[in-house]
1. For the chain, set up a Gaussian network in which alpha carbons nearer than 10 Å are linked by springs, and say which option among Val295, Val340, Val148 fluctuates the most.
2. If I ignore ligands, DNA and RNA and count only protein heavy atoms, how much of Met30 is accessible to a 1.4 Å probe, in Å² to the nearest 10?
3. Kindly sort Trp238, Trp138 by accessible area of their heavy atoms, largest first, with the probe set to 1.4 Å.
4. At 0.36 nm per residue, minus the direct Cα-Cα distance, what do Ala79 and Lys29 gain on full extension? Give it in nm, one decimal, please.
5. Expressed as an acute angle from 0 to 90° and rounded to the nearest 10, what is the orientation of the C-alpha long axis of helix 219-234 relative to the principal long axis of the chain?
6. Express in nm, to one decimal, how much length is gained between Lys43 and Arg252 on full extension, taking 0.36 nm for each residue of separation and deducting their alpha carbon distance.
7. What does the C-alpha gyration tensor say about the overall shape of the chain? Classify as rounded when a/c is under 1.5, otherwise prolate if a/b is larger than b/c, or oblate.
8. Just to confirm my numbers, what's the Cα centroid distance between the range 184-255 and the range 45-119 in Å?
Amino acid sequence: MEERTIPRAEQAADRLQGLYRQYGYLPYKMSKFEEYDLYVRNKSFLNSPDILTFTDLDGKLMALKPDVTLSILKNSRPAPALQKVFYQENVYRTGRDTRNFREILQMGLECIGPLDGYAEAEVLEVAVRSLDALAPDWLLDISHLGVVNGLLAALGLPAEEERRLLEALGEKNTPRLTELCLALGVEDAARDRLCRLALLYDTPAAALPQLEALAAGSDAAMRAVEELRALCELLIPWADRLRLDFSLVSDRQYYSGVVFRGFVPGLPVAVLSGGRYDHLLARMGRRGGAVGFAVYLDQLDRLAPQERPAVDVLLLYGPDTPAVGLAAEARRLRAQGKTVRVEREAPEGLTFGQVCRMGG
């Protein structure tokens with residue numbers, strides 16, 4: 001019987017490592033620190049603006065790593081083939097609800113290079129399987145900046161006014177959107193499209209026809225809708241766990257396409273976050289595409305402790321049970337990756353996931 005409790009951080013890391021290797025991603029190791037300038041130049045890409053620094057012996061200002069993606073892009077070499085790596089690293093930053101620095105265990109993967117539709121969809125497939133390894137019930141919210149950018153570009157507004165509309169869209173604040181559109185002289189039909197986009201939250205099957213209608217008239221937005229449709233078709237086995245949500249409006253300086261966030265029960269914040277970040281790759285002097293995600297393992301430890309059984313299976317046997325059959329059954333269970341304890345009677349105080357009996 002599969003254990004479906006949400007694992008603690010270290011347990012989750014073990015599960016995810018195996019998953020990423022299944023898809024051919026290779027482990028990537030890096031230094032605990034980088035030159036501070038790397039993070040200053042890309043501060044808006046970071047989850048937290050706070051950075052721990054120190055002066056190296058040669059006088060350079062260094063920083064304890066607050067992010068992994070930037071380090072991978074800086075230190076990896078361009079190649080004609082896709083670079084597929086995963087990492088398990090500690091990062092150093094302030095938490096969402098505290099001003100104190102923390103050492104945070106983080107996992108994730110990056111796919112960098114000549115991306116095509118399959119490579120991008122595979123990253124999302126690994127993301128949903130990551131969530132499935134963490135919880136029996138989860139949701140993945142998906143957006144595409146091409147839809148948002150296309151609809152905003154059609155309005156022909158200055159960058160600052162676009163930013164204000166984007167902020168209201170991210171908050172699903174339709175009264176604010178309406179107020180801004182009226183003040184900026186946005187036509188009623190365009191205002192209605194933005195408000196409907198802000199409130200759209202549904203499965204791909206239900207949301208895509210609505211999205212197609214909203215994107216009509218913008219070639220860029222329609223191309224993004226078709227990209228989303230193709231991605232969702234490749235994720236059909238998990239379609240009931242996907243939601244299209246265009247309040248996901250990550251920084252447009254860095255992200256260039258699909259963005260997504262994953263949620264598990266009991267946590268009010270995303271435990272997984274990622275997207276397509278071609279713009280960041282270009283800012284760092286690299287060609288090609290890039291997509292990836294991070295799993296915030298520290299969030300799992302905020303949940304109420306859940307005791308893991310001492311063994312997965314307690315295999316009990318009677319006095320007449322043939323030893324050969326008993327040994328074969330124990331081997332079969334262990335071959336499934338389960339821990340098995342074989343006993344005549346259940347030991348006092350032993351915790352187990354399931355019990356199997358052989359003989360009387």
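1. Val340
2. 30 Å²
3. Greatest to least solvent exposure: Trp238, Trp138.
4. This chain segment gains 16.2 nm when fully extended.
5. On a 0 to 90 degree scale, this one is about 10.
6. Result: 73.9 nm gained on full extension.
7. Note, shape of the chain comes out prolate.
8. A separation of 29 Å, based on Cα centres.
The values are calculated or read from the model by the stated rules, or taken from the named source; none is laboratory data. These numbers come from a predicted model, not from an experiment. For neighbour counting, all protein chains shown are included, and Cβ atoms are generated from backbone atoms with ideal geometry for every residue, glycine included. Note: areas computed on protein heavy atoms with side chains; ligands, DNA, RNA excluded. Shrake-Rupley method; radii C 1.70, N 1.55, O 1.52, S 1.80 Å.
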